[in-house]
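Worksheet: one structure, shown below.
Throughout, read-outs are computed from the coordinates displayed, never taken from laboratory work. Just so you know, these numbers come straight off a predicted model, no measurement behind them. Because the Cβ atoms are built from the backbone with ideal geometry, glycine has one as well, and the counts that use them run over all protein chains shown.
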């Protein structure tokens with residue numbers, strides 16, 4: 001099962017380090033990345049059956065399709081998006097989503113610090 | 001003030017003046033502590049400054065500053081959020097909680113902060129993903145939240161407990177130096193009873209409450225410990241995306257021993 005690869009490709013194609021501009025998100029480009037991601041997960045369906053990371057990715061993709069109003073038909077070219085467009089996805093600005101997408105949520109923990117009184 | 005570090009250590013420190021709580025690539029937090037009782041080592045927080053460093057695609061740099069006179073609902077530049085994605089926001093926290101509260105949510109780094117004004121002082125709580133912290137000792141320099149207080153800044157509560165056998169006498173010389181007449185005179189029994197009104201479980205928060213009443217005679221301080229416990233429940237150390245486990249009331253063995261001595 002190579003769902004992690006799909007997750008990593010998706011995160012890589014939608015984060016600023018991929019040379020994408022860093023402010024306005026053009027949905028059309030984001031939808032390309034999302035369709036590529038959906039295609040990649042479909043290809044893993046058989047070998048990833050029962051894998052929690054795979055099923056959570058499929059669930060999340062469904063949510064993202066409706067959230068960003070992307071059509072499931074259309075180009076899935078994972079070619080680097082031309083620099084003129086600047087699709088930074090809100091997902092980049094959500095730590096939990098980034099972690100979930102990378103499939104490493106299970107190991108992630110939060111720490112608490114507090115200062116009070118005298 | 002009392003400090004609970006990211007490693008779940010509990011300390012009571014002097015740290016008078018400006019000290020860094022956190023200083024990493026995502027944010028810096030600095031607090032300024034002032035003596036609560038003239039000439040005493042007991043200090044409390046009068047100013048908190050949080051600097052959110054710019055994060056490409058999510059926010060530019062934002063500074064939040066609270067003082068005992070002003071707990072703003074906005075960053076210093078007047079805005080209440082950073083960047084288009086709204087992944088950095090300042091909101092007023094409602095609820096029956098103690099004192100006025102401000103919550104700062106930095107979604108892009110999975111971080112939440114609560115600043116309260118309780119009586120004349122401030123309290124601070126933060127929850128951050130562990131992988132944004134660098135726990136290695138040699139790294140990160142002086143960060144009280146990460147490495148605790150320098151040894152010479154720790155207040156040795158057990159030496160105080162001998163003093164707290166009798167009511168707080170005015171102007172007595174103690175480990176903490178001459179004390180200005182406190183608001184009230186608290187015996188250990190009265191301080192314990194007062195703290196039990198808000199903190200049923202006798203854990204380190206309870207002991208901090210007793211310690212504060214004994215050192216300051218200021219009943220507002222019993223609410224500081226209560227507020228800090230509420231903040232722990234609101235921002236619990238937990239696994240990502242799990243339902244935060246019931247926060248086990250904290251018994252830090254070493255601290256509870258010395259704080260129990262203070263409470264006694």
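Fewest Cβ neighbours within 10 Å first, please rank A:13, A:66 accordingly. Result, fewest neighbours first: A:66, A:13.
Taking a ≥ b ≥ c as the square roots of the eigenvalues of the alpha carbon gyration tensor, the range B:13-53 is prolate, as a/c is not under 1.5 and a/b beats b/c. Projecting label points 7 angstrom from Cα along Cα→Cβ for residue B:54 and residue A:52 puts them 4.0 nm apart.
Taking other C-beta atoms within 10 angstrom as a stand-in for reagent exposure, A:59, B:124 fall in the order A:59, B:124, fewest first. Shielding of peptide B:21-30 by partners, expressed as the average count of other chain Cβ atoms within 10 Å per residue Cβ, is 1.
Using the Kirkwood formula over every pair of different C-alpha atoms, what hydrodynamic radius in Å results for the range B:1-160? Mind showing how you got there, number by number?
Details: mean 1/r = 0.0610 Å⁻¹.
Value: 16.4 Å, from the Cα pair sum.
Going by how many other Cβ atoms sit within 10 Å of their own, how do B:75, A:65, B:55 line up, fewest first? Walk me through the numbers before you get to the answer.
Working: B:75 21, A:65 17, B:55 24.
So the ranking, lowest neighbour count to highest, is A:65, B:75, B:55.
If you take the Cα centroid of the range A:1-15 and the Cα centroid of the range B:57-113, the two points sit 32 Å apart.
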